[in-house]
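Computed from the coordinates by the stated procedures, all read-outs in this text should not be read as laboratory data. Note that the coordinates shown come from a computational prediction; the quantities given were computed from them, not determined experimentally. Quick reminder, even Gly has a Cβ in these numbers, built from the backbone with ideal geometry, and neighbours come from all protein chains shown.
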Amino acid sequence: MKNKEAKKSLMYLSGEDFYVFCYAILIVLDYLNCKDGRYFKDYRKLAFLIEFIKDEKLNYIISNSHEKSLNPIDKEYLFSSYSTGLGRRSEILKLLFTLEKKNYVVLDKSDTRSLVNVSLNKEAIPQEFFDKNTFSWEYHNIGVFTKCVKRLTALKMDTMLDRIYVQNGIRIWAI
């Protein structure tokens, strides 16, 4: 319970809480082993993944969507995560530039369409940050999500969005 209280003190508005975004990004990069020159391709995907890290209901929807088609409420909930991810992309890029200045991440300009790839500089972050007890729920959520959507580090943005949203009956527009 103490760990949950510590995280809650960081969150004043979880929808706009840059602390939540920051630790979610670091946890994703750590879980996917994106460090030491291994990059997470296309930072824009992080804006969508944050929703799945902090919301178990989204993971439940994705985990069970292969068994049957989604009901309208689940579709709306999933679409809401898509809309939120779209609106959050520029905030995530600004946050990544800040994290790079602090030497917590390494950014690499991709050869494709001027996109930015991200790698964790784990040595610059205190080791206790990655305590699996403090962030057990977030590590669990990214684990559940990666079982549903494989190869997250290398997937192209369009492919990831297709697997999460289009294949579940959500209409999306090009980004």
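Is there a residue in the range 148-155 that is surrounded by 13 or more Cβ atoms within 10 Å (Cβ to Cβ) and among the charged types (D, E, K, R)?
No, the range 148-155 has no match at all.
Quick test for you: out of Leu155, Leu78, Leu120, pick the one residue that is touching a strand residue (DSSP E or B) at 6+ places or on another chain (Cβ under 9 Å) and not hydroxyl-bearing (Ser, Thr, Tyr). Step through it out loud before you land on a result.
Values: Leu155 fails: touching a strand residue (DSSP E or B) at 6+ places or on another chain (Cβ under 9 Å); Leu78 fails: touching a strand residue (DSSP E or B) at 6+ places or on another chain (Cβ under 9 Å).
From the options Leu155, Leu78, Leu120, the qualifying one is Leu120.
Which residues, taken from the range 67-101, are assigned to a loop (DSSP other than H, G, I, E, B) and within 20 Å of the chain's Cα centre (by Cα)?
none
Since Phe129 meets every condition but one in (1) farther than 18 Å from Asn33 by Cβ; (2) in contact (Cβ under 8 Å) with a residue 12 or more places away in the chain; (3) surrounded by fewer than 15 Cβ atoms within 10 Å (Cβ to Cβ), which condition does it not meet?
Here Phe129 clears every test but (1).
Please go through the range 31-65 and give me each residue that is buried (at least 20 other Cβ atoms within 10 Å of the Cβ), of a type in the set (Asp, Glu) and assigned to a loop (DSSP other than H, G, I, E, B), ordered by number.
If the condition is that a residue be buried (at least 20 other Cβ atoms within 10 Å of the Cβ), of a type in the set (Asp, Glu) and assigned to a loop (DSSP other than H, G, I, E, B), then Asp42 is the only one that fits.
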